[in-house]
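As structure tokens, the structure follows; a few thoughts come after it.
Derivation of every value follows stated rules applied to the coordinates shown; laboratory data play no part. Quick caveat: nothing in here was measured; it's all calculated off a predicted structure. Counting neighbours? That spans all protein chains shown, and the Cβs are built from the backbone with ideal geometry, glycine included.
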Amino acid sequence: MKLATAKTIARDFISQIQPFCSRAEIAGSVRRGKSEVHDIEICAIPKALFGLKTVMDRQNYIKGKFPSRYSQIKFQCEKIDIFWCCRENWGNIYLIRTGPWEFSKWIMGIKTRKAGLIQRDGYLWRGNERLICYEESDVFSRLGMDYIEPKNRNGK
């Protein structure tokens, strides 16, 4: 689908869940500004589970259920992948889900290991210490890297 269509659908979906989330943002190829989009990815931090569950239960589930870390639904005839985060791992999940896949694999594999860290359960870890990453910039900083704009992220 075209980027403009994907943005509209993503924004429409976010407008439904936003009242029940402390944060909800478009990720994936839409965020990277790709002219052709294969699917829509959303990252969100729930705050009002009952209200959010009511909204989510009205969706056409393809995979997963709410609440879990991942849900896939059909919305306005398009597939939407929703990655549920918390404030403490937002930066990590948002970075991974913005992609592209090759970039996420490179940064969470090679770059993470070079920094002496590991990726587990949606968090960065140093040994047994779970590292808080409120923003993507926190992840880049922990990896000793400058921030890379989403549109400039590619397979390394």
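Results, tabulated for the structure shown:
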quantity: Within straight-line cross-link reach of K151, lysines at Cα separation under 25 Å, skipping those fewer than 8 residues along the same chain; calculated: K2, K7, K34, K79, K105, K111, K114
quantity: Share, in percent, of DSSP beta bridges within the chain that are antiparallel, nearest 5; calculated: 80 percent
quantity: Between the range 1-32 and the range 61-131, the alpha-carbon center distance in angstrom; calculated: 17 Å
quantity: Dipole moment magnitude, nearest 20 debye, the chain about Cα centre, only Lys, Arg, Asp, Glu C-beta charged; calculated: 240 debye
quantity: 222 nm mean residue ellipticity, helices alone, for the chain (DSSP H n ≥ 4; -39,500 (n - 2.57); rounded to 500); calculated: -9000 deg cm²/dmol
quantity: Amide proton proximity set for Y70, modelled H, under 5 Å, gap of 5+; calculated: W84
quantity: Straight-distance crosslink candidates among lysines, where the alpha carbon sits under 18 Å from K53 and sequence neighbours closer than 8 are dropped; calculated: K63, K65, K74
quantity: Positive-pole candidate from F103, M56, N89, dipole of the chain, charges at beta carbon; calculated: F103
quantity: The range 1-114: relative contact order in percent, alpha carbon pairs under 8 Å with at least 6 residues between; calculated: 24 percent
quantity: DSSP-assigned coil residues among chymotrypsin sites (Phe, Trp or Tyr not before Pro) in the range 54-156, each with at most 15 further Cβ atoms within 10 Å; calculated: Y134, Y147
